[in-house]
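See structure below.
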Amino acid sequence: MTSTKGTVFNIQRYSIDDGPGIRTTVFFKGCPLSCVWCSNPESQNLAPELMHRDSLCKRCFRCVEACPAGAITVGSDGIVIDRDLCDACGECVSTCTHDAMRITGKEMSVDEVFDVVRRDADYYRDSGGGVTLSGGEVLFQPEFALALLKRFREAGFDTCVDSSGQGDTEGLRRLIPYVDLFYFDIKHLDPKVHRAETGRTNENILRNFAEVAVSGVPLAVRVPVVPGFNDSVDAIADIAELVAVHAPRATVHLLPYHRYGQQKYAMLGLDYELAAAETPSEEFLKAARAIMESRGLACEIAV
Ligand code: SF4
Ligand code: SF4
């Protein structure tokens, strides 16, 4: 039993994209970065948040009356939510009979998460799978992550941590002994470009990358390929150089930008800055893979 708690926005069972075999992925809520292409914008704030799906809204306006904070008003084109007033109490969610409202994120104990994860133990064993901690950012809640990883290790589950790399280095060091595989994002090596599109420079990430690389824990480097950010030969070559020097046995995963998360920005009342951006061409992705391979790195293009 452990009383450690954290904030989670999803626990996805039967995942096949977050590490080897069949896995359960625990998505932490809260991230110190704010990447403009983020496909999980609901993961960025630590606190639970209200999401409103306008396509399901029937304009009955019962939620306006139900909101104790006065955060919902009637506008010219449906309801308007004042996010500064909303404390995610959930009254409007239970009032809305059309599933147009939901709260994303909830506090969970280690025991509660473990109770979900252990249900699929047979699948992990049969498929070579396990549990993945993802986000948001795992390092943003290091005590919760550590307690979960210890619990999974005790149960004999394979563990993977999928991290942006931004976070306290000491907290990362404490996690490493309980991790069987790291997925580690490297986005851009120019600190100014990095800050412009993610909100932070990359020094902390590169320091943490070196920590993981020397630890000997198997490592896959994840490179989101984003138009106008790092879809250039120079940017990819810089990343290839870094990985080849520090983690030559790592596999590189190229993750082409996509717009899957766009609708969620509207549900959170956020602007989506990359509305006009296109998915990188197959030709460029193959060229990027060739750059990685020319440095002796195994490289896969995610679909
Ligand atoms: S209660 Fe639901 S359907 Fe009615 S206005 Fe509010 S969000 Fe829309
Ligand atoms: S979650 Fe609560 S505070 Fe926020 S809009 Fe709904 S009823 Fe109002």
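Rule-based calculations on the coordinates, nothing more; no lab input. Please read all numbers here as calculations on a predicted model, not as lab measurements. Cβ atoms come from the backbone with ideal geometry, glycine included; neighbour counts cover every protein chain shown.
Rg and Dmax in Å for the stretch 171-221, alpha carbons only: what are they?
11.9, 34
May I ask you to work out the translational diffusion coefficient for the stretch 261-303 at 4 °C, viscosity 1.567 mPa s, via Stokes-Einstein with Rh from the Kirkwood sum over Cα pairs, reported in whole µm²/s?
101
Rounded to whole Å and sorted largest first, what semi-axes of the equivalent ellipsoid does the C-alpha gyration tensor of the stretch 71-158 yield via the square root of 5 times each eigenvalue?
Working: eigenvalues 280, 49, 25 Å².
Semi-axes (√(5λ), whole Å): 37, 16, 11.
Quick check: pseudo-label points 7 Å beyond the Cα along Cα→Cβ at residue 54 and residue 276, how many nm apart are they?
2.0
For Cα pairs less than 8 Å apart in space and 6+ apart in sequence, what is the mean separation divided by the residue count of the chain, i.e. the relative contact order in percent?
Relative contact order for the chain comes out at 18 percent.
May I ask you to work out the translational diffusion coefficient for the stretch 202-303 at 37 °C, viscosity 0.692 mPa s, via Stokes-Einstein with Rh from the Kirkwood sum over Cα pairs, reported in whole µm²/s?
So the translational diffusion coefficient is about 222 µm²/s.
In cubic angstrom, how much convex hull volume per residue do the alpha carbon atoms of the stretch 72-121 span?
125
With an 8 Å cut-off on Cα pairs and a minimum separation of 6 or more residues, tell me the relative contact order of the stretch 49-104 in percent.
In percent, rounded to a whole number, it is 48.
222 nm [θ] for the chain, helices only, -39500 (n - 2.57) per DSSP H run of 4+, per residue, to 500?
That calculation yields -9000 deg cm²/dmol at 222 nm.
How high is the relative contact order of the stretch 230-303, given as a whole-number percent (alpha carbon pairs under 8 Å, six or more residues apart)?
Result for the stretch 230-303 is 50 percent.
Assigning unit charges at the beta carbon (Lys, Arg +1; Asp, Glu -1) and nothing else, what dipole magnitude in debye, to the nearest 20, does the stretch 49-104 show about its Cα centre?
With Lys and Arg at +1 and Asp and Glu at -1, about 240 debye.
How long are the semi-axes of the equivalent ellipsoid of the stretch 49-104, taking √(5λ) for every eigenvalue λ of the Cα gyration tensor, in whole Å from largest down? Please list the in-between numbers first.
Working: eigenvalues 42, 33, 21 Å².
Semi-axis lengths for the stretch 49-104 are 15, 13, 10 Å.
For the chain, what Kirkwood radius comes out of the mean inverse Cα-Cα distance, in Å? It would help to have the intermediate numbers written out before the result.
Values: mean 1/r = 0.0487 Å⁻¹.
Its Kirkwood hydrodynamic radius stands at 20.5 Å.
Working from the alpha-carbon coordinates of the stretch 134-257, get Rg over Rh, Rh being the Kirkwood radius.
Result: Rg/Rh = 0.97.
Within the chain, what is the longest stretch that has no chymotrypsin sites (Phe, Trp or Tyr not before Pro) placed in a DSSP loop and near at most 15 other beta-carbon atoms within 10 Å?
Between the exposed loop sites, the longest stretch runs 62-259.
Residues with amide H under 5 Å of residue 71's amide H, sequence separation 5 or more or different chain, H placed in the peptide plane at 1.01 Å from N; which?
HN-HN under 5 Å from residue 71: empty list.
Once phi is turned into ³J(HN,Hα) by the Karplus curve 6.51 cos²θ - 1.76 cosθ + 1.60 with θ = phi - 60°, what whole-Hz value does each residue of the stretch 253-258 show in order, with x for glycine and proline?
10, 8, 10, x, 3, 9
Go through the stretch 99-106 residue by residue and turn each phi into a ³J(HN,Hα) via Karplus (6.51, -1.76, 1.60, θ = phi - 60°); whole Hz please, and just put x for glycine and proline.
With the stated coefficients, the stretch 99-106 comes to 6, 8, 10, 7, 9, 9, x, 8 Hz.
Across the chain, how many lysine pairs separated by 8 or more positions, or lying on different chains, have Cα atoms within less than 25 Å?
Total qualifying Lys-Lys pairs in the chain comes to 12.
Rank these for me by crowding, 31, 67, going from fewest to most other beta carbons within 10 Å.
67, 31
From the phi angles alone, apply the Karplus equation (6.51, -1.76, 1.60; θ = phi - 60°) to the stretch 263-271 and give each ³J(HN,Hα) in whole Hz, x where the residue is Gly or Pro.
4, 5, 4, 4, 5, 9, x, 10, 7
For residue 44, enumerate residues with amide H under 5 Å from its amide H, sequence gap 5+ or separate chain, H modeled in the peptide plane.
Correct list: 30.
Using a simple spin-label model with points 7 Å from Cα along the Cα→Cβ vector, what separation in nm is obtained for residue 102 and residue 290?
For the pair residue 102/residue 290, the computed spacing is 4.3 nm.
Can you compute the modelled spin-label distance between residue 173 and residue 80, with each label point 7 Å from Cα toward Cβ, in nm?
5.2
Can you list residues whose amide H is under 5 Å from residue 199's amide H, if they're 5+ apart or on another chain and H is modeled 1.01 Å from N?
When sequence neighbours closer than 5 places are left aside, the close amide H contacts are 34.
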